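Everything below concerns the one structure shown next.
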Amino acid sequence: MCPGMWIVFFFFLGCIEVTSGDMYSSMLTVQQALDTEKVLIQHLATYLEEETYRLNDLRRFYNKVRALHHIASTPVSDPVFAYTLLKRLQSEWMNVVSSLENNENIKVLKDGYEKVEKNLPLMEDVEGAAKALMRLQDVYSLNVKGLTKGVFQSGSSSQLSVLYEPDRVSSMSADDCFHIGKVAYDMEDFYHSIPWLEEAVSKFRDSYGRWYTEDEGSLEDALDYLAFSYYKAGNVSRALYLSRECLQYDPYNMRLAENVAKYEKILDETPIRDSEEDSYLPRPNVTHLRTRDLYEKLCQTLGSQPSHYKDPRRSCSYHTNRSPYLVLQPLKKEEVNLEPYVVLYHDFISDYEAEKIKEIASPWLQRSVVASGIEQAQAEYRISKSAWIKDTVHPVISHLDVRIAAATGLHTKAPYAEYLQVVNYGIGGHYEPHFDHATSKKSPLFRTNTGNRIATFMIYLSLVDLGGSTAFIYANFSTPVVKNAAIFWWNLHRSGEGNGDTLHAGCPVLLGSKWVVNKWIHEYGQEFRRPCGLHPGD
């Protein structure tokens, strides 16, 4: 019931004319009292109808959320589920709690909400999750309509292949789609805003006339944003059509009326092009990612390689590296690539070690940063959290350092190498193409005076169901995430010059939770373990 309903209700009671003490003395006034009660019954009926609608709406929300918890996986791996969870906690619960009337029962719920409010996601979290879904849409060429149903379909609209379809679908609401479209709209990214707002409009149309308490958007809002998106994209006729439809639902909106008049004038002065309806809308430019096409093509392979890429010179072997540590338990070594030289050590750690490392690092995770001049800063092209772990924290960490040293033949203790960095990737978590070694003498890497990063040793702590491959862009290959395996490569030539072929990326995580450990080894102290070669390219 609207808050004003009670006011009207009690106002009417105050207006009933009551003659004190003599109503019983005439049947006429008794008859009038009966008529008065009829009016009260009508008001009570209205209240009950409104209250029943409100309670049914709350029960619908309750049943929806409870059902989602029944199908939730542990740990959370589905990015669609993750996005809707963050949005629900950030705005939908607030809308539901704020809509409730003030009585003792409701006070308990509101007090409980306020106690956990500081732990709820911020708007920035929901916007970041929305951007992550758009990133997955782009990198893996996902169909938006499929995404709204929780199904990952890749390819053109005429030839879609299913990458993933959950047993129990976690679909998006109209308001979920509207929010993603609005995030793109606010960035003036109409390439993404149009398909998401189209889905929002379609879903709002299907449920028109039913208002859900948790929603923030409406059919009118979605039509308004979609119309202007088409206008900015150059499709004026579509913008006019949608604006006219929106004006039917909101006939007193003067701004909409002015937009309709403006679009009509534009079309009168400039006849519509035959191709306008199918006009191509390019993706926004990404200035920091010059290798986008190569990067996305490699990510879409999901770590698999075409048959013509196979090199007969590559081999698999049991590897001891002439280390006493590995004599009784040699490493399972797979040569993934020869130039640059990249190897994969299978079963490098145990399940127990992987879980222990995640357990140690979890309380210390902070948003990952990248080099920005002489400073470090957060960036949209690296979405993850990381923690630095010293070898003195736990025996598992110190033993891991010893094993890495045995595998590589290099010094792995400080100051010869950095501490272990444990990384957990977020929704659509990724790290776009980059070098691990510094490409500028101003890099923070050189502040320790231990030289550049000569080598990278990375361990996969978790299984990733889809995505998350490590892609080497210029070398044109990628490796999938292999749980408990470690990947190793040289960042520098023996001359100390950076190897440009080591440009690599962490592809976005499509399904699952990706955990890795990075160990970066520096030049200092490795002079006799990896001496200079006879040729600059060695």
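The values are calculated or read from the model by the stated rules, or taken from the named source; none is laboratory data. It should be emphasised that the depicted structure is a prediction, and the values quoted were computed from it without experimental measurement. Cβ sites come from the backbone with ideal geometry, for glycine too, and all protein chains shown count toward neighbours. Protein only, heavy atoms only, side chains kept; ligands, DNA and RNA dropped before computing areas. Shrake-Rupley method; radii C 1.70, N 1.55, O 1.52, S 1.80 Å.
Numbers below:
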read-out: Only Lys, Arg (+1) and Asp, Glu (-1) charged, at Cβ; the chain dipole about Cα centre in debye; value: 2700
read-out: Taking the range 442-486 and dividing mean pair separation by its residue count, relative contact order in percent (alpha carbons under 8 Å, at least six apart); value: 37
read-out: Of (i) 3, 14, 21, 20, 15, 11, 7, 4, 2, 1, 1, 0, 0; (ii) 3, 13, 17, 17, 14, 11, 9, 6, 3, 2, 1, 1, 1, 0, 0, 0; (iii) 3, 15, 22, 22, 15, 7, 3, 2, 2, 2, 2, 2, 2, 1, 0, 0, the label for P(r) over Cα pairs in 10 Å bins from 0, in percent derived from the coordinates; value: (i)
read-out: The range 153-259: chymotrypsin sites (Phe, Trp or Tyr not before Pro) falling in loop per DSSP and having at most 10 other Cβ within 10 Å; value: Trp211, Tyr252
read-out: Candidate lysines - alpha carbon under 23 Å from Lys442, same-chain residues fewer than 8 apart omitted; value: Lys519
read-out: Between the range 429-461 and the range 38-64, the Cα center-to-center distance that results, in Å; value: 62
read-out: Distance (nanometres) between label positions extended 7 Å along Cα→Cβ at Leu294 and His394; value: 3.9
read-out: Gyration tensor (alpha-carbon) shape descriptor, the range 376-461, a/c threshold 1.5; value: oblate
read-out: Separation between Cα centres of the range 381-423 and the range 182-196, rounded to whole Å; value: 41
read-out: Counted charge near Tyr416, where neighbours are those whose Cβ lies closer than 13 Å (Asp, Glu -1; Lys, Arg +1); value: 0
read-out: Contour minus Cα-Cα distance for Ser161 and Gln32 (0.36 nm per residue); value: 39.1 nm
read-out: Total formal charge among the other residues, if their Cβ is under 14 angstrom from that of Trp388, Lys/Arg +1 and Asp/Glu -1; value: +1
read-out: Computed [θ] at 222 nm, deg cm²/dmol, the chain (DSSP H ≥ 4; -39,500 (n - 2.57); rounded to nearest 500); value: -13000 deg cm²/dmol
read-out: Eligible lysines near Lys514 by straight Cα distance, threshold 24 Å, same-chain separation 8 or greater; value: Lys87, Lys131, Lys149, Lys297, Lys332, Lys333, Lys356, Lys358, Lys385, Lys390, Lys483
read-out: Relative packing of 319-328, 486-495, 462-471, which averages over residues the other C-beta atoms within 10 Å, highest first; value: 462-471, 486-495, 319-328
read-out: The range 73-129-the range 197-254 distance, computed between alpha-carbon centres (Å); value: 26
read-out: Förster-model FRET efficiency, 60 Å R0, Lys115 and Arg529, C-beta, rounded to 0.05; value: 0.60
read-out: With all protein chains modelled, accessible area of Arg210 [1.4 Å, Å²]; value: 130
read-out: Inter-probe distance in nm under a simple model that places probes 7 Å from Cα toward Cβ, at Thr448 and Leu68; value: 4.2
